[in-house]
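Visitor: I'd like to ask you about the structure that follows.
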Amino acid sequence: MDRSVRWGVLGFAGIAKMALIPAIQSAKNASLVAVASRRPTEVKPESMGLPGIRVLDYDALINDPDIDAVYIPLPNSLHAEWAGKALDAGKAVLCEKPLAMNADEAIQLLEQSKKVGRPMMEGFMYRFHPQHARVKQLIAEDAIGDIQEVRAHLCVDMMSPPDASNVRFIPELGGGALLDMGCYVVSVCRMVFGEEPLTATVRWHVDPRFGVDTNLAAILEFAEGRKGIVSCSFSGNSQGSYTVVGNKGSIEVPRGIIPGLDTRVSETLVILCDGDGGRQEETIAAVDQYSLMVQAFSEAILEGKPAPLPLEDSVANMRVLDAMARSAHSGTSADVS
């Protein structure tokens, strides 16, 4: 590679400051050029620990000829709008999860990406962590037999006490646990099974103070009666975990989704359990999964290759989330279509 991808970041969201800006700065094939603010004249990059980085308004950033790719960490309700604008401006786009508010918006972005010939990818950083490749290897080696069930959970305590200004508690900005965390646990199930669920049955709790769902549990039914059991919550606190259950044993991944984020333990484990309860623990060295994601997407941009995580997969994930929302509102199962 004779150059690096020049990145702009559309906003100072917490995940951008905590994870993605450092990931861009540490990636071997990426460089941070600018960040955007609604009030750019009021932001001093030095005070943000970003000396030499330009601060622009949103439109100026996506139209800057010195920027190749844009990362979008805006509220969920703004993802499709600004991703579309960035694509039209000729930028590659890395969009924070969920890709959009619903599958229809995701399909529009897929079609737009193809039309303008610029790559776009949803920011599922966990998919780039080597622990999941190890899980897939064990499954391929028949270590646990035929997969019968996948259980996935993610929770982060946002209720002690809740901050009403947090975008996750604002309905019109796409708040709620389903879009914020449910997208991860659904993605985990789909990744492990390698196929799409047929139906979703969901129960959730909507906090009357905010009008958003703050916890939920769901059954995703796959072909031949296999199940995905998923849950997420704004009340608990965990690394995000999943378990794959086969007819010969199981695989536990206790730090499966957000290892190393903020103060969380970075080292990960893959635990193979046989039918008699015997356990073999394998430790996987700490990595920066955000940096690995940025590097992989930057490499695709530089080499003119498709994004490592195709938008078709993101559309499929959104279809499941849509079905889950329909089920939660109706109180009955919903088909995933």
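The values are calculated or read from the model by the stated rules, or taken from the named source; none is laboratory data. Because the structure is predicted, anything quoted here is derived from the model rather than measured. Positions of Cβ are generated from backbone atoms using ideal geometry, with glycine treated the same way; all protein chains shown enter the neighbour counts. The area values use the complete protein model at the heavy-atom level, side chains included, leaving out ligands, DNA and RNA. Shrake-Rupley method; radii C 1.70, N 1.55, O 1.52, S 1.80 Å.
Visitor: Using Cα springs under 10 Å in a Gaussian network model of the chain, which residue among ARG319, ARG39, ARG151 shows the largest mean-square fluctuation?
Guide: ARG39
Visitor: Determine, for each peptide in 47-55, 321-329, the mean count of other beta carbons within 10 angstrom over its residues, then list the peptides with the highest first.
Guide: 321-329, 47-55
Visitor: Scan around LYS97 for amide H atoms under 5 Å from its own, H built in the peptide plane at 1.01 Å from N, and keep only partners 5 or more places away or cross-chain.
Guide: Those qualifying (amide H under 5 Å, at least 5 residues apart or on another chain) are GLY123.
Visitor: Tell me the carbon and sulfur percent of the accessible area for the chain, rounded to whole percent, probe radius 1.4 Å.
Guide: Carbon with sulfur: 49 percent of the solvent-accessible area.
Visitor: What is the gain in length, in nm to one decimal, between ALA140 and THR199 on full extension, counting 0.36 nm per residue of separation less the C-alpha to C-alpha distance? It would help to have the intermediate numbers written out before the result.
Guide: Numbers: separation 59, 0.36 × 59 = 21.24 nm, distance 2.59 nm.
Contour length minus Cα-Cα distance gives 18.6 nm.
Visitor: Now for a different question. Enumerate the amide H contacts of GLY246 below 5 Å, restricted to partners 5 or more residues apart or on another chain; note that Pro and chain-start residues carry no placed amide H.
Guide: Under 5 Å from the amide H of GLY246 lie the amide H atoms of GLN148, ILE251, each far enough along the sequence or on another chain.
Visitor: Bin width 5 Å, origin at 0, all Cα-Cα pairs of region 219-337: what percent of pairs per bin?
Guide: With a bin width of 5 Å, the distribution comes to 2, 8, 12, 14, 17, 19, 15, 10, 2, 0.
Visitor: Taking only protein heavy atoms into account and a 1.4 Å probe, give the accessible area per residue of the chain in Å². All intermediate terms of the calculation are to be shown ahead of the outcome.
Guide: Working: 14230 Å² over 337 residues.
So the chain comes to 42 Å² accessible per residue, rounded to a whole number.
Visitor: Could you quote the convex hull projected area for region 106-191, Cα atoms only and averaged over all directions, in nm²?
Guide: With the hull built on Cα positions only, its mean projection is 8.7 nm².
Visitor: In Å, what Kirkwood hydrodynamic radius results for the chain from the alpha-carbon pair distances?
Guide: 20.6 Å
Visitor: Applying a 10 Å radius around every beta-carbon, put 290-298, 202-210, 156-164 in order of their mean neighbour count, most first.
Guide: 290-298, 202-210, 156-164
Visitor: Given a Förster distance of 30 Å, report the FRET efficiency between ASN63 and ASP262 from their Cβ-Cβ distance, rounded to the nearest 0.05. Don't skip to the answer; put the middle values down first.
Guide: Details: r = 33 Å, r/R0 = 1.10.
Given R0 = 30 Å and the Cβ-Cβ separation, E is 0.35.
Visitor: Shape of region 164-280 from its Cα gyration tensor (a ≥ b ≥ c, root eigenvalues): rounded if a/c is under 1.5, otherwise prolate when a/b > b/c, or oblate?
Guide: Oblate.
Visitor: Grab every C-alpha pair in region 3-130, bin the distances at 10 angstrom width from 0 up to the longest one, and report whole percents.
Guide: Percent of Cα pairs in each bin: 13, 47, 33, 6, 0.
Visitor: Once amide H atoms are placed 1.01 Å from N in the peptide plane, what residues at a sequence separation of 5 or more from THR199, or on another chain, have their amide H within under 5 Å of its amide H?
Guide: Here the answer is GLU221, VAL336, since their amide H atoms fall under 5 Å of that of THR199.
Visitor: For region 205-262, take the convex hull of the Cα atoms, compute a quarter of its surface area, and give me that in nm², please.
Guide: Details: hull surface 23.0 nm².
So the mean shadow area of the Cα hull is 5.8 nm².
Visitor: Run the quick spin-label model on SER235 and GLN148: label points 7 Å from Cα toward the beta carbon, then report their separation in nm to one decimal.
Guide: Output for this residue pair reads 3.0 nm.
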